[in-house]
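No value in this document is a laboratory result; all are computed from the given coordinates. Values in this document were obtained by computation on a predicted structure and should not be read as measured data. Cβ: placed from backbone, ideal geometry, glycine included. Neighbour counts: every protein chain shown.
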Amino acid sequence: MARLAHLSDVHFGAHDPAVVAGAEAWLARERPDLVVISGDFTQRARVHQYREAGAFLDRIEAMGLKTLGVPGNHDVPLYDVVQRFTRPLHRYRRYIEDDLCPWFESDRLAVLGINTARSLTFKDGRISHEQMAIIRVRFQDVPADRTKILVTHHPLFEMPIGEPGELSEAVGRQREALDAVADAGVHILLAGHFHRSFTESARRMVKNAGPSLVIQAGTATSTRLRNGETQSFNLIDTHKDREVEVQVIGWDGAAFVGGSRARFVFDGDNWSAAEPAAA
């Protein structure tokens, strides 16, 4: 089994220090194999916010934990117009990670991060043809027994938000991006952006989508709460027999505690929900 902690939308600059400390305490105790942060490290991409976010990563890595992150739309300067259009991710690359296509591989996992944040849009995401090629190439020689995971900030699909039936915009070039994901044999898609926990088979969301499991994380440490959710992140257990268990780890006002769990089984073509394993 391999275990991931999937955090997103930590929004330093609009964060709760007590919740940040709680997240660090949980990570130190549970020690996942990989900590994924799917974007929006900062609230407004200001230097002091990046310094706080970088210090957070440094503390996690000082525990001996591996990390992998991607930028979000909030990590591109909004009000510094010159920086936004000339060096949009300069601060991200200085304080968080220079590589915008980070890669992690172990004997159980192959994880690729792709940057979907762009200067020309305030909140929506996009994937380039070059990034689609990277997805295909990076995963093509991964052994069949490893779980392939793609991390983006923006989900590749229209996501349920707000009122029942209300959907978000899909990521730019969605159809081509999904073709690349299917060609690469990606098993799991991790993203954030909407501050809502959500897990579903891709084929139940978009006709002719590839056989991926879509897992969305809520906001881990910020005060920008939506949809009545508290701060939360996902604990993801991947098993050799291609079973995945997802548990929402939520803030109860004093600590992060385990919440709802869901188990999904992959038959080689589709993901289906199953009863969670006994605790």
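Across the range 6-18, rounded Karplus estimates of 3J(HN,Hα) from the backbone phi angles (6.51 cos²θ - 1.76 cosθ + 1.60, θ = phi - 60°) give 10, 9, 7, 6, 6, 6, 5, x, 9, 9, 9, x, 5 Hz, Gly and Pro being marked x.
Between the residues Ala177, Phe256, Met1, the greatest Cα displacement towards the positive end of the dipole of the chain, with unit charges on the Cβ of Lys, Arg, Asp and Glu, is found for Ala177.
With both labels modelled 7 Å from their Cα along Cα-to-Cβ, the Ala144 to Val47 distance reads 5.4 nm.
Spin-label model, Met1 to Asp16: label points 7 Å out along the Cα-to-beta-carbon direction sit 2.8 nm apart. Expressed to the nearest 5 percent, the antiparallel share of DSSP beta bridges inside the chain is 60 percent. With Cα atoms defining each centre, the range 180-213 and the range 112-145 are spaced 13 Å apart in the structure. Placing unit charges on each Cβ (+1 for Lys and Arg, -1 for Asp and Glu) gives the chain a dipole about its Cα centre, and among Val111, Met132, Gln83 the Cα reaching farthest toward its positive end belongs to Gln83.
Phi angles of the range 210-221 translate, via the Karplus equation with coefficients 6.51, -1.76, 1.60 and θ = phi - 60°, into HN-Hα couplings of x, x, 10, 9, 8, 10, 9, 10, x, 7, 7, 9 Hz per residue; Gly and Pro are given as x.
When only the Cβ of Lys, Arg, Asp and Glu is charged (+1, +1, -1, -1), the dipole of the range 2-274 relative to its Cα centre reaches about 460 debye.
Taking amide H atoms as placed 1.01 Å from N in the peptide plane, the amide H of Thr67 lies under 5 Å from those of Val35, each 5 or more residues away in sequence or on another chain. Direction-averaged projected area, Cα convex hull, the chain: 13.7 nm², rounded to one decimal. Note on Glu275 and Arg59: their simple-model spin labels are 4.1 nm apart, each label 7 Å out from Cα toward Cβ. Cα to Cα, under 18 Å, and not fewer than 8 places away if on the same chain: which aspartates and glutamates meet these conditions relative to Lys123? Leaving aside aspartates and glutamates fewer than 8 places away in the same chain, those within reach of Lys123 are Asp9, Asp40, Asp75, Asp80, Glu158, Glu166, Glu169. Sequentially through the range 88-99, phi angles give Karplus couplings (6.51, -1.76, 1.60; θ = phi - 60°) of x, 10, 4, 5, 4, 5, 7, 9, 10, 6, 6, 7 Hz, Gly and Pro residues having no value and appearing as x. Centre-to-centre, using Cα atoms only, the range 1-35 and the range 84-111 are separated by 18 Å.
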